Structure formats: structure tokens, C-alpha cells
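**Student:** This is the structure, below, for whatever I ask next.
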Amino acid sequence: MARPVPRLIPLLIALLTLGAGALTSAGCSAGSGGASASGARDRLAIGFAAEPANLDFTRTDGAAIPEALLVNVYEGLVKVDQKGAVRPLLARSWTVSPDRKTYDFTLQKGVVFSNGKRFTADDVKFSIERVKSSAWTVSLKKAMDVVESVQVVSPTEVKVVLARPSNDWLFQMTTRVGAMFSRNGVSDLANKPIGTGPYVLDAWRRGDSIALRANPRYWGAKPSLKTVTLKYFKDPTALNNALQTGGIDVISAVQTPDALQQFDTDRFQVVEGTTNGEVLLSLNSSRPPLNDKRVRQAINHAVDRKALLDVAWAGRGRLIGSMVPPHDPWYEDLSRMYPYDPDKARRLLAEAGKPRLDLRFRIPNLPYALSAAQVVKSQLARVGIAADIEPLEFPARWLDLVFTRADYDMSLINHIEPRDIVTFGDPDFYWRYDNPRVRRQLADAVRADEKGYVQGMRKVARSIAEDAAAAWLYLAPNLIVAGQDVKGLPRNRVSESFDLTALRVSS
């Protein structure tokens with residue numbers, strides 16, 4: 001989950017924000033890196049907004065850790081491509097039994113973890129069973145509940161048996177829950193990630209950057225870059241200035257789209273595509289007054305989504321009406337289900353006996369959230385709802401108070417996890433939405449055949465929209481800015497990872 005908004009800051013302040021490591025002793029930018037024997041640059045620096053609190057995504061929720069480490073340091077049996085299709089990774093191939101309950105995987109040969117240990121079917125068994133154990137605590141671990149057993153057939157063959165057919169399990173294996181761990185490499189995941197990926201952790205300067213270097217033991221195609229530095233900025237102006245001054249080579253996700261004008265030169269390229277990022281108003285359904293459907297519906301009618309998108313994100317993005325991005329197979333345009341209608345919002349509040357409301361609006365202190373929250377606050381005030389905005393440091397404070405304790409009325413967050421509509425079937429998830437009908441619909445869809453799966457998930461999307469389980473605002477666009485010499489940037493962000501494997505710099 002997730003990606004405040006000061007305006008122009010003098011260049012001197014921006015350079016100070018970059019820290020002492022922004023310039024080399026020779027006066028070259030940190031982003032300029034070195035060169036290989038062929039003359040091509042082999043280093044890259046990428047700017048991000050949300051820094052991981054630690055490096056252990058098995059016990060820490062949020063998107064920042066898998067964004068940095070999944071696919072790059074940790075690999076799974078499978079991965080998702082730019083179109084959302086499941087492709088082989090550590091598994092060369094697999095077959096599925098006619099009853100759709102048994103998966104037989106054949107593994108790649110010659111794979112070694114960064115600690116020198118061979119990757120075998122025993123590690124697959126260890127990794128999957130570990131997700132089901134108390135070692136994993138993050139909410140997404142529920143995706144592995146369907147696994148009944150994991151059987152090692154040979155060092156390169158493993159059989160996974162599900163308790164029931166699942167249309168969702170293999171796709172979920174492309175997410176962090178499918179990451180493969182070394183049996184000898186989980187003692188300090190918060191600080192020392194050990195994986196099979198093309199990169200290994202080189203250095204982590206807390207509050208500043210994570211440096212990844214090419215894994216000399218990597219089993220697959222070697223990455224073009226020897227070093228990739230992920231630099232973190234709390235201030236979007238400093239992030240933009242870092243690219244302008246050569247402190248970084250890439251902005252991974254533009255935080256203030258109105259700033260794109262400054263990059264409209266021959267020096268830069270703008271990559272625009274789609275994401276899984278549903279930006280929504282989270283509503284805590286477990287506490288009054290939001291346990292009343294009429295109040296949730298009133299909030300939906302009170303928000304002018306088009307105006308919000310225009311003001312907060314310069315019109316970039318796409319309006320959505322449920323927890324489904326357009327590239328999911330069960331997408332249906334529900335964006336018109338709750339048209340902007342402040343009069344209807346007032347009537348619904350009156351029917352609920354709540355013509356005046358005060359709501360605690362706890363949001364992450366990230367640029368998009370602060371910008372959009374101000375628009376929401378203004379619009380809700382017109383119908384008698386006072387939204388008290390309280391920015392929380394992200395990720396630690398927001399994850400603790402909102403995501404873990406559910407101590408909030410409303411929040412505003414970008415949920416980037418793929419196919420996360422399933423969270424509305426979990427009454428313990430932070431919006432505490434408890435709807436038995438939705439849970440049945442989800443269960444039926446996951447067990448159905450392929451056609452039934454699509455139809456069933458479409459029912460789920462419509463059910464949560466009709467019930468106003470949240471107020472969906474827009475689908476976040478993928479907006480990357482980079483120097484013209486950077487190649488292989490991901491046009492679409494449809495996985496949890498910022499995939500570094502295809503990146504290169506032209507000479």
C-alpha cells in the first residue's frame with residue numbers, strides 16, 4: 001500500500017535534502033555511476049517516496065519492502081508479466097491435475113541462494129509451509145490457507161496439493177507470499193535478505209537509500225547494471241530536484257503530476273501506463289456511524305471524484321467504482337454507481353439520524369494522500385461531515401494505528417497489491433468489513449471453473465460497491481520520469497515489485 005505537498009524549495013535546500021552522498025568526490029552526480037568495459041553505464045539511482053521500515057515483508061505489511069526486494073532479491077516459482085499473466089521463474093514448468101487441486105512443479109537447475117546454498121524442492125516446501133506458520137504475520141498470508149500439503153518428489157520436483165480448487169492460488173504465488181527462502185537464511189530477514197534473485201543487498205542507509213548489487217551467483221540472465229541505488233525522499237520537490245540535478249536517474253512514481261512540466265525537455269522521458277493502485281477512502285465499518293450503510297453511501301455521493309482527480313492529480317488516472325483495475329478479467333465500469341449528489345448525501349445522513357458528523361481522517365503523510373485528503377475534506381464539509389485530517393508517518397505510524405489497530409474512521413490510501421479485492425472477504429482486515437454474502441461469493445468464485453470465476457468475481461465487485469464498503473476514488477497511473485538514456489522501464493506496474501531486471505543505460 002501506498003506511495004504532502006510543499007512547492008518550490010531553493011535548489012540549495014534540495015541538495016541538502018539529498019544528503020552527503022548525492023555528489024561524489026569528483027563532483028559527478030551519484031546517478032551517473034560508473035561504466036563497463038564497453039563504455040555503457042552500469043549504475044543507476046532511482047528515487048522513491050516510501051522507504052521500508054525494515055526488510056522483512058513476512059512480518060511487516062505495506063508495499064515498500066516487496067517493491068524493493070521482490071523479483072530483484074527474492075524470487076518465486078512464478079512471476080507476473082506486464083499484462084498480468086503468470087509466467088515461469090524458479091519453476092521451469094508445471095502441470096495441474098484435472099480436479100485442479102494438485103500442482104506439479106519442475107524447478108530450474110543450478111539455482112543458488114546468495115548465501116551459497118543450493119535452491120531445491122526442500123526450500124519450496126520450507127517456504128510455503130513457513131507462510132502457513134506463525135513465522136508469517138502479514139495479512140496476505142491467508143492466500144496460502146488453501147494449501148493442504150507440499151511434497152518433495154526430487155530435488156527439482158515438488159507437488160503442491162490444495163484442499164479445494166482455487167482460481168487464485170497460482171496468481172497469489174506471484175506476490176510476496178510466493179517468495180522462496182533459504183532454509184538457512186531466515187534468521188535476520190529485517191536486515192539481511194537472502195534470495196535467489198539477480199541482485200543482493202549491498203548497503204542500507206536508513207532514512208536515505210538501499211543499494212543493490214548484481215548477484216555474481218545468479219542462475220539466469222545477468223542484469224546489465226552492477227549497482228542500483230534506491231533513494232528515498234519524503235519531500236516531492238526534493239525528489240524532482242534530484243532528477244534535475246543528476247542526483248538520481250529515475251523517479252519511480254511521480255508524486256506531484258503538475259511538476260511534470262519541468263521535465264518536458266529533451267533530457268527526460270515520461271513513461272505513463274497503468275497500475276493496480278486503487279486509491280480509495282477506507283471506511284471503518286466496525287464502528288458507528290460507518291457501520292450504517294446509509295452513512296457510507298452518503299460519503300460516496302458527497303465526493304466529486306472527477307473534480308478530485310483534476311485538482312489532486314491533474315486529471316491523470318482513471319475513475320473506478322470498485323476494487324478492480326481495468327486489466328483484471330472481471331472488470332466492470334462501476335464508476336457511475338454513486339454519482340456526485342450532495343443533496344442525496346444530506347438526505348441519507350438525515351435518514352440515518354446523523355445530519356452532522358465528525359470523523360477522524362487518519363492518512364499516510366504521502367504526497368498523493370495529503371493532496372487528495374484536502375479535496376475530500378472540503379467536499380464532505382458541504383454535506384455536514386467534518387473530516388479531521390491527521391497525517392501519520394508512513395509506514396510505521398499508519399501501519400500501527402490504522403492498518404493494525406483499526407483506530408480510525410476514514411483513511412485515504414493507494415492499495416497496490418494485485419487482486420486485493422479478496423480483502424473484503426476478511427472481516428479482520430483493517431476496514432473491518434464483515435459481510436457473509438461477500439465471503440460466500442468469493443469462496444464460490446475461487447472454486448468455480450474459469451468462466452464461473454470471472455462471473456463470480458464480478459458479483460463480488462458489484463456487491464461491495466453497492467454496499468459502499470469503501471469510496472473508490474481513482475486508479476493511480478504509472479508515471480515514471482527518467483533520463484533519456486535509461487531503457488527497460490516498466491510501462492505498467494501490475495505486480496508488487498519495481499522490477500529492475502530489464503533496466504539498462506545506453507552508452
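**Student:** For segment 128-145, which residues satisfy the criterion of being surrounded by fewer than 18 Cβ atoms within 10 Å (Cβ to Cβ) and touching a strand residue (DSSP E or B) at 6+ places or on another chain (Cβ under 8 Å)?
**Tutor:** Glu129, Lys132
**Student:** In addition: Name the residues in segment 131-176 that are acidic (Asp, Glu) and under 21 Å from Thr106 (Cα atoms), would you? Steps first, please.
**Tutor:** Of the residues in segment 131-176, the ones acidic (Asp, Glu) are 145, 148, 157, 168.
Matches in segment 131-176: Glu148, Glu157, Asp168.
**Student:** Please determine whether any residue of segment 159-166 is under 23 Å from the mean Cα position of the chain (by Cα), open to solvent by 10 Å² or more (accessible area, probe 1.4 Å) and either among the β-branched types (Val, Ile, Thr) or within 28 Å of Ala68 (Cβ to Cβ) (or both).
**Tutor:** no
**Student:** I need the full set of residues from segment 79-112 which are modelled with pLDDT under 95, of a type outside the set (S, T, N, Q) and either open to solvent by 60 Å² or more (accessible area, probe 1.4 Å) or farther than 29 Å from Asn276 by Cβ (or both), in order please.
**Tutor:** Across segment 79-112, the qualifying residue is only Lys83.
**Student:** Can you say whether Asp61 is touching a helix residue (DSSP H, G or I) at 6+ places or on another chain (Cβ under 6 Å) and either among the acidic types (Asp, Glu) or surrounded by fewer than 15 Cβ atoms within 10 Å (Cβ to Cβ) (or both), as far as the supplied structure shows? Steps first, answer last, please.
**Tutor:** On the way: touching a helix residue (DSSP H, G or I) at 6+ places or on another chain (Cβ under 6 Å): yes; either among the acidic types (Asp, Glu) or surrounded by fewer than 15 Cβ atoms within 10 Å (Cβ to Cβ) (or both): yes.
So Asp61 fits the description; yes.
**Student:** List every residue pair whose Cβ atoms sit under 6 Å apart, with the two residues 6 or more apart in sequence or on different chains, where the first one lies in segment 387-416 and is polar (S, T, N, Q) and the second, anywhere, is part of a helix (DSSP H, G or I) and buried (at least 20 other Cβ atoms within 10 Å of the Cβ).
**Tutor:** Cβ pairs passing all conditions: Ser411/Val402.
**Student:** Looking at segment 262-355, what helices (runs of 4 or more DSSP H) fall wholly within it and have at least 2 residues that are within 28 Å of the chain's Cα centre (by Cα), at pLDDT 95 or above and aliphatic (A, V, I, L, M)? Give the steps one after another, and end with the answer.
**Tutor:** Values: elements: 293-302, 305-313, 342-351.
It comes to 293-302, 305-313.
**Student:** Could you give me the residue pairs with C-beta distances under 7 Å whose first residue belongs to segment 430-455 and is farther than 19 Å from Asp328 by Cβ, whose second residue is open to solvent by 40 Å² or more (accessible area, probe 1.4 Å) and at pLDDT 95 or above wherever it lies, and which are 6+ apart or on separate chains?
**Tutor:** Arg432/Ser286; Tyr433/Pro427; Asp434/Pro427
**Student:** Also, I was wondering about something else. Only one of Arg439, Arg458 is surrounded by fewer than 20 Cβ atoms within 10 Å (Cβ to Cβ) and not in a loop (DSSP other than H, G, I, E, B). Can you tell me which? Don't jump to the end; show me each part of the working.
**Tutor:** Details: Arg458 fails: surrounded by fewer than 20 Cβ atoms within 10 Å (Cβ to Cβ).
Checking each option against the conditions leaves just Arg439.
**Student:** So, one more: Between a first residue in segment 491-507 that is more than 18 Å from Pro477 (Cβ to Cβ) and a second residue that is open to solvent by 40 Å² or more (accessible area, probe 1.4 Å), which pairs have beta carbons less than 6 Å apart while being 6 or more apart in sequence or on different chains?
**Tutor:** Arg504/Ser224; Arg504/Lys487; Val505/Arg41; Val505/Asp485; Ser506/Asp485; Ser506/Lys487; Ser507/Gly39
**Student:** Is it fair to say Asn215 is at pLDDT below 95, under 19 Å from Lys117 (Cα atoms) and not aliphatic (A, V, I, L, M)? Spell out the reasoning first.
**Tutor:** On the way: at pLDDT below 95: no; under 19 Å from Lys117 (Cα atoms): yes; not aliphatic (A, V, I, L, M): yes.
It is false that Asn215 is at pLDDT below 95, under 19 Å from Lys117 (Cα atoms) and not aliphatic (A, V, I, L, M).
**Student:** Now, a different point. So which of Arg118, Arg176 is touching a Leu at 6+ places or on another chain (Cβ under 9 Å), under 24 Å from Ala214 (Cα atoms), of a type in the set (Lys, Arg) and at pLDDT 95 or above? It would help to see each step written out before you state the result.
**Tutor:** Values: Arg118 fails: touching a Leu at 6+ places or on another chain (Cβ under 9 Å).
That would be Arg176, the only listed residue that is touching a Leu at 6+ places or on another chain (Cβ under 9 Å), under 24 Å from Ala214 (Cα atoms), of a type in the set (Lys, Arg) and at pLDDT 95 or above.
**Student:** Please go through segment 357-383 and pick out each residue that is hydrophobic (A, V, I, L, M, F, W, C), open to solvent by less than 10 Å² (accessible area, probe 1.4 Å), in contact with a strand residue (DSSP E or B) (Cβ under 7 Å, 6 or more places away or on another chain) and not in a helix (DSSP H, G or I).
**Tutor:** Leu359, Phe361, Ile363
The values are calculated or read from the model by the stated rules, or taken from the named source; none is laboratory data. Note that the structure is predicted; figures quoted are calculated from it, not measured. Neighbour counts are summed over all protein chains in view; Cβ atoms, including those assigned to glycine, are modelled from backbone coordinates with ideal geometry. Ligands, DNA and RNA are excluded from the accessible area calculation, which covers all protein heavy atoms including side chains. Shrake-Rupley method; radii C 1.70, N 1.55, O 1.52, S 1.80 Å.
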